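Below is one structure, written out as structure tokens, with a few remarks after it.
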Amino acid sequence: MGSSLPAKEANLFKVIVKSYETKQYKKGLKAADSILKKFPEHGETLSMKGLTLNCMDRKSEAYELVRRGLKNDLKSHVCWHVYGLLYRSDREYREAIKCYRNALRIDPDNIEILRDLSLLQAQMRDLSGFVETRQQLLTLKPNHRMNWIGFAVSHHLSSNSSKAIEVLEAYEGTLEDDYPPENERYEHGEMLLYKISLLEECGMLDRALQEMHKMESKIVDKLSFREQMACILLKLGRFEEAEKIYRSLLFMNPDNYKYLIAVQKCLGLYSENGHYSADDVERLSALYKSLKEEYSWSSAVKRIPLDFLEGEKFQEAADNYVRPLLTKGVPSLFSDLSPLYEHPGKANILEQLFLKLEDSIRTSGCFPGSSQMEPPSTLMWTLLLVSQHYDRRSQYDIALDKIDEAILHTPTVIDLYSIKGNILQHAGNFSAAAALADEARSMDLADRYLNSECVMQMLQADQVGLAEKTAVLFTKDGDQHNNLHDMQCMWYELASGESYFRQGDLGRALKNFLAVEKHYTDMTEDQFDFHSYCLRKMTLRAYVSMLKFQDRLHAHEYFHKAAAGAIRCYMKLHDSPLKSSAEENDELSKLPAAQRKKLRQKQKKAEARAKREAEEKQEDETTSTNSSKSGKKQQARPVDLDPHGEKLVQVEDPLAEATKYLKLLQNNSSDSLETHILSFELNMRKQKVLLAFQAVKQLIKLDENNPDSHRSLIRFFHRINNLPAPGTDSEKLIWNVLEAERPDLRQLHGKSLVEVNINFLEKHNASLTHRAAAAEMMYLLEPDKKLQAIKLIEDSTNNTASGNGVLGPIKEWGIQDCIDVHKLLDTVFADQDVANRWKVRCAEYFPCSTYFEGVKSAITAHIPGSTSESSPENGDVPSPQAKLEGDTHSLNGTVHVVDDLSNLSMR
């Protein structure tokens, strides 16, 4: 580096490099300027100056200088390396790799460039290139441990675990007998555990076990050692030895479910589907009875038997499990029990048990069969449990009665208000749910969870402005938007996006959905620093696990929701495109002159007000960021030039934008019905016949009985049947493909679409959603049968579900299904009278629902025992007298003192 310079300038060039490495950028710039005064066209100095400027956020100057330097010295590996570093800083990894390869053509043995190249290859999953580069590094510097480990990991990532084992064994052959020294014992032990995991992965279990016995003294992490040994013994079928180790691990942590399940496997008492024979149940009961005697404090050994026990034994075990937790007052008890509701018959047993406990405590003050008096709070916790039970079974009236009684019993317990809010949300009254959540929040202003739950309920009720004011209480310096985005608060952004979408504000909805997508991009980028760190620190098992997690990162639920939301927004933009300025002017010109003038004045005032508010907000944010409350200066945030997403909706081809996110869903969430439903809808709009057909086939494959799968099948072939005869060669080819594939669809064998629809209806005649789908398709196929299709929906019966409750019948229809049917009648069938009749009918089933305007929808926010003065922060709470008199003013959960509470935000 700097070899073409005189001695003095060559030393100055070394100062530039050192200053860059130590982040003394001003010093480096000064040295670069000194060289450039004498040698203004020195390529390497220009490149290093550009790299230094890049670190000072002067990117345009940086790129200009580096390109100029490269132009002046194309044969300098330093210039190419610096150009690659510049691209790497901007996440342009593919361009950076090209630059590194050009540098290596000039200096093929440069260790630093090879190391940087290997990191980029690992990041981009160029695994063959990663192996090659790591091999080159090992050849050049075989006495460096990190090069051996990196070469082994590269083979492992390339699915060549046996070669990785050979590399590690060759590395061990270079070590002395007394290795490792005391300060490297942990790192060496991690390498040995990694090698053992590779042997296990290759199926060399005996050899892995032999290696463990041989290297036991050199492995520091004894817990991982014992877990891995027990796992290998279990795979080898040496159950007694494995059981012995797992029982010793249970002694250390008797609440570890993984150890308990492993003990079951050792005894041959584990079933993946949870079904056991009577003999197995007896043996499992005996096992957990002995474990309970040994570890009486463990909750896991008491909870797991509830999964496999049945009938009276289940009731007895559940009774013994629930009683002490009710006495203690554990709010999460129902969350612990909720998986049991998926087991047939257990929900009814739990209901009988809960009601029996409630009745006994209410009448005698103690549990059935016990003479010990319970504390007064036990009744309250029992009522809470019963209310959650009925909420789970969609019996909202009973659930609300029970939770109101619990609140009257002990009005100071915050959990009661939160749970009542959840019940109201499930019952369809989102505004009242938000009010209850705000009441809970106001009872403990320092609780971040209650604040977050309140914000979520407000967003569900489409109270976005109020939700933002509430969220700001727990953000740094009151800068809610930037802070929530920086914290990657994805639940907030998703809920905001969904709320804006419901309100038709597609710009803001897209803004939030794409913000979530950016978080996942950032997570992918964040792995870059670990490629060198993990090899240096020898955390190899965690490193490989992290890489595998990153490979399936976009399969996460939050990304799926964000991508699906963005696709829906773009499809809505395509269906209802925004009016251009020319079209708006044309419409204005048709209005009378006075009205046109008045409308333009209003628009100008609105624009001026929005501009003034944005400037004030920007000024406040600049002040708060430049000088925080601690008095320290902070770096100013970049200005968001599109805070409301107005530019996002001004896309030329919304469907092309949607396709980008659809491809990500297809690659990462191919087992989701929603992915293929979106694919069908999108490709039908794009008139991509074969892609739409592919989506239909996937839907049929995943769930042929799903109403949306049936809709897609009928709609697709109805569209195909109505197409004109193919004219071009490509159209003929598409037609031939469809004709060849059609016989593979079992539903269409020798049947018309009308017959397919009739068969679907006969098969699912008792289901509301299936009848609605069949009726919609009947109207599509035979428009003259509109009244018959409507009658098909109206004749649906809300049957009683299997396993009826003790206190009342459990109906099958869900509130969301009924809302969907109402929208279908209102939009597709376009019959307002029928839609209104359906609305009145559903209001009887869901009296708390604001959508159906049920009789209780306006008063269910009442908080027993409270008055409007008791909680001024919670908005207007109707008094009991007002409730009796039928006062129907609704709670909107308005926070009146948000600004005064900003000093309570946690930092």
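The values are calculated or read from the model by the stated rules, or taken from the named source; none is laboratory data. These numbers were taken from a predicted model, which means no experiment stands behind them. Here Cβ is always computed from backbone atoms with ideal geometry, including for glycine, and neighbour counts include all displayed protein chains. Just so you know, the surface numbers come from the protein's heavy atoms only, side chains and all, with ligands and any DNA or RNA stripped out. Shrake-Rupley method; radii C 1.70, N 1.55, O 1.52, S 1.80 Å.
Prolate is the label for segment 680-721. Its Cα gyration tensor axes, ordered a ≥ b ≥ c, give a/c of at least 1.5 and a/b above b/c. In this calculation the C-beta distance from Ile111 to Asn11 is compared with R0 = 22 Å, giving a FRET efficiency of 0.45. Ranking of Asp206, Asp444 by solvent-accessible surface, largest first: Asp206, Asp444 (1.4 Å probe, protein heavy atoms only, all chains present). Enclosing the Cα atoms of the chain in their convex hull gives a volume equal to 269 cubic angstrom per residue. Extending 7 Å from Cα along the Cβ direction at Glu282 and again at Gln488 yields two label points whose distance is 5.3 nm. Couplings 3J(HN,Hα) of segment 163-170, computed from phi: 5, 4, 5, 4, 5, 5, 5, 5 Hz, in residue order, whole Hz [Karplus 6.51 cos²θ - 1.76 cosθ + 1.60, θ = phi - 60°; x for Gly and Pro]. Using the Karplus relation 6.51 cos²θ - 1.76 cosθ + 1.60 with θ = phi - 60°, the per-residue 3J(HN,Hα) values for segment 174-180 come to 8, 8, 7, 5, 8, 6, x Hz, with x marking Gly and Pro. Ranked by the mean number of other Cβ atoms within 10 Å of their residues, highest first, the peptides 307-315, 840-848 come out as 840-848, 307-315. Run the 1.4 Å probe and let me know the accessible area of His275, rounded to the nearest 10 Å². We get 140 Å² for His275. Once a ≥ b ≥ c are taken as the square roots of the eigenvalues of the Cα gyration tensor of segment 97-236, is the result rounded (a/c under 1.5), prolate (a/b larger than b/c) or oblate (a/b not larger than b/c)? Taking the square roots of the gyration eigenvalues as a ≥ b ≥ c, segment 97-236 is prolate. For Lys811, nonlocal amide neighbours, meaning residues 5 or more places apart or on other chains whose placed amide H falls under 5 Å from its own, are Ala801. Legend: calculated FRET efficiency, Cys202 to Thr800, from the Cβ-Cβ distance at R0 = 41 Å, rounded to 0.05, equals 0.15.
Between Ile196, Ile97, Phe251, the Cα set farthest toward the positive side of the dipole of the chain (charges on each charged residue's Cβ, about the Cα centre) is that of Ile97.
Rounded if a/c is under 1.5, else prolate if a/b beats b/c, else oblate: with a ≥ b ≥ c from the C-alpha gyration tensor eigenvalues square-rooted, which is segment 440-520? The shape class here is oblate. Distance between the modelled labels on Asp784 and Gln135, one decimal in nanometres: 7.5 nm (7 Å Cα→Cβ projection). Residue-wise HN-Hα couplings along segment 383-389, as the Karplus relation 6.51 cos²θ - 1.76 cosθ + 1.60 with θ = phi - 60° gives them from phi, are 4, 4, 4, 5, 5, 5, 4 Hz; Gly and Pro carry x. Taking 0.36 nm per residue of separation and subtracting the current Cα-Cα distance, fully stretching the chain between Thr827 and Cys55 would add 272.3 nm. Counting 0.36 nm for each residue step from Lys222 to Glu739 and taking away their Cα separation leaves a gain of 179.8 nm. The length gained on full extension between Lys763 and Asp529, counted as 0.36 nm times the residue separation minus their Cα-Cα distance, comes to 78.6 nm.
Taking packing as the residue-averaged number of other Cβ atoms within 10 angstrom, the listed peptides 717-723, 136-142 run from highest to lowest as 136-142, 717-723.
Summary of packing: across the peptides 706-714, 329-337, the per-residue average of other C-beta atoms within 10 Å ranks them, highest first, as 706-714, 329-337. Per atom type, the chain shows carbon and sulfur on 51% of its accessible surface, probed at 1.4 Å.
Kindly flag which residue pairs out of Lys663/Lys839; Lys469/Lys561; Lys98/Lys732; Lys235/Lys289; Lys222/Lys561; Lys313/Lys811 have an alpha-carbon separation exceeding 32 Å in this structure. Going by Cα-Cα distance, Lys663/Lys839; Lys98/Lys732; Lys222/Lys561 fall outside the 32 Å limit. Over the chain, dividing the summed -39,500 (n - 2.57) contributions of all DSSP H runs of at least 4 residues by the number of residues returns a 222 nm mean residue ellipticity of -21500 deg cm²/dmol. The modelled label-to-label distance between Ser576 and Cys366, using points 7 Å beyond Cα along the C-beta direction, is 6.5 nm. For Asp640 and Arg719, FRET efficiency with R0 = 41 Å and r from the beta-carbon atoms, rounded to 0.05? It comes to 0.45. Summed over the residues of the chain and divided among them, the accessible surface reaches 51 Å² per residue at a probe radius of 1.4 Å.
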